[in-house]
1. Take GLY89 and decide whether it is out of contact with any Pro (no Cβ under 8 Å at 6 or more places or on another chain), under 16 Å from THR8 (Cα atoms), buried (at least 18 other Cβ atoms within 10 Å of the Cβ) and not acidic (Asp, Glu).
2. Can you tell me which of THR15, THR3 is within 8 Å of the ligand (Cβ to nearest atom) and either in contact (Cβ under 8 Å) with a residue 12 or more places away in the chain or of a type in the set (Gly, Ala, Ser) (or both)?
3. Consider only pairs whose beta carbons are under 8 Å apart and that are at least six residues apart or on different chains; among these, list those whose first residue lies in segment 91-107 and is farther than 13 Å from THR121 by Cα and of a type outside the set (Val, Ile, Thr) and whose second residue is within 10 Å of the ligand (Cβ to nearest atom) and part of a helix (DSSP H, G or I).
4. Have a look at LEU14, LEU32 and point out the one that is crowded, with 22+ Cβ neighbours inside 10 Å and part of a strand (DSSP E or B).
5. So in segment 107-121, with the set limited to residues that are in contact with a strand residue (DSSP E or B) (Cβ under 8 Å, 6 or more places away or on another chain) and open to solvent by 60 Å² or more (accessible area, probe 1.4 Å), which one is farthest from ARG24 (Cα to Cα)?
6. Of the residues TYR83, TYR7, only one is assigned to a strand (DSSP E or B), modelled with pLDDT of 95 or more, surrounded by 21 or more Cβ atoms within 10 Å (Cβ to Cβ) and among the hydroxyl-bearing types (Ser, Thr, Tyr); which?
7. Out of all the residues in segment 36-57, is one or more under 17 Å from ILE114 (Cα atoms), surrounded by 18 or more Cβ atoms within 10 Å (Cβ to Cβ) and not β-branched (Val, Ile, Thr)?
8. Out of the residues in segment 60-76 that are within 15 Å of the ligand (Cβ to nearest atom) and free of Cβ contacts under 8 Å to residues at least 60 places away in the same chain, state the one that is nearest to GLY113 (Cα to Cα).
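The values are calculated or read from the model by the stated rules, or taken from the named source; none is laboratory data. Keep in mind the model is a prediction, meaning the values are calculated, not measured. All Cβ positions, glycine included, derive from the backbone under ideal geometry; neighbour counts span all protein chains shown. Surface accessibility is based on the protein's heavy atoms, side chains included, excluding ligands, DNA and RNA. Shrake-Rupley method; radii C 1.70, N 1.55, O 1.52, S 1.80 Å.
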Amino acid sequence: MKTRALYTGSFDPLTSGHMDIIQRAAGMYDELTVGIISNPQKHSMFTLDEREEMIREAVEPLGNVNVDHFSGLLADFVNRNGYDVIVRGLRTSADFDYEIQMAQMNATLFNEGIETVFLVTDPRYSFISSSTIKEVFLLGGSVEGLVPDAILDHMKNKISVDK
Ligand code: COA
C-alpha cells in the first residue's frame, strides 16, 4: 500500500528550508502533498493561487509531489483525505516545544494510525522563516540561496508590479 504524506504551511513564500524538507520527504514516501493553509484574514505577499502555482512549478521535477490547500482544522483535512503521515520540519528547540504540543493535540483529532514525523532542518536554513525572508528582501537585502531561484524571480516581479 502506498504511503501518502502531507507537509503543511503558509509558504508565503516557499523558502529553501521548505524545499529541503519537501525533497527529503518526497524521497521517503510514495506520495507527498504540500498543503497550503488558506487564511484570507492574513495579509500575505502572495495570494493563495499564486503560492499554489509557484510551489507547483518548484516541485514539478520531483515527480511524486502535488499541491493542495485547506482552511480550518488540519486534522479535518488529514482525516478527510486519508493521509498516513504529517511531515514537520524542526529548526530549533523553540520549534520543538511548539511542534510537540501541536502534534499531541492533533494526535487526539487524527483518525487511527496517522503519525507526525519530524525532519531536522538543514543547518544552512535553520535561521530563516518566510517573514524574515520578506523583511530582508523588502528592505533591499539579498536573500539569494535562501529561497529557490524561481521564487526569488516571482518576488522581484511582485515588487515591480506593486510599485
Ligand atoms: N525552513 C524555513 N522556514 C521554515 C521552515 C523551514 N524548514 N519550517 C518552518 N518555517 C517557517 C515558516 O515559513 C513560518 O514562517 P512565518 O511565520 O514567517 O510565515 C514559520 O517558520 C512557522 O512555520 P509553521 O509552523 O509551518 O507555520 P505556518 O504558518 O507556515 O503554518 C500550520 C502553520 C498551517 C501548519 C498550522 O497553523 C496549522 O496546522 N493550522 C491549521 C489549524 C489547526 O489545525 N490548528 C490546531 C493545531 S493543533
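1. Yes, satisfied.
2. Every option except THR15 fails the conditions.
3. Hits for this filter: ASN106/LEU74; ASN106/ALA75; ASN106/VAL78.
4. Testing whether each residue is crowded, with 22+ Cβ neighbours inside 10 Å and part of a strand (DSSP E or B) leaves just LEU32.
5. Among residues in segment 107-121 that are in contact with a strand residue (DSSP E or B) (Cβ under 8 Å, 6 or more places away or on another chain) and open to solvent by 60 Å² or more (accessible area, probe 1.4 Å), the one farthest from ARG24 (Cα to Cα) is ALA107.
6. Only one candidate passes the filter, namely TYR7.
7. Filtering segment 36-57 down to residues under 17 Å from ILE114 (Cα atoms) leaves none.
There is no residue in segment 36-57 that is under 17 Å from ILE114 (Cα atoms), surrounded by 18 or more Cβ atoms within 10 Å (Cβ to Cβ) and not β-branched (Val, Ile, Thr).
8. Taking segment 60-76 and keeping what is within 15 Å of the ligand (Cβ to nearest atom), we get 67-76.
Okay, now just the ones that are also free of Cβ contacts under 8 Å to residues at least 60 places away in the same chain, so 67-69, 71-73, 75-76.
Working: VAL67: 23, ASP68: 22, HIS69: 23, SER71: 23, GLY72: 21, LEU73: 18, ALA75: 13, ASP76: 15 Å.
The selected residue is ALA75.
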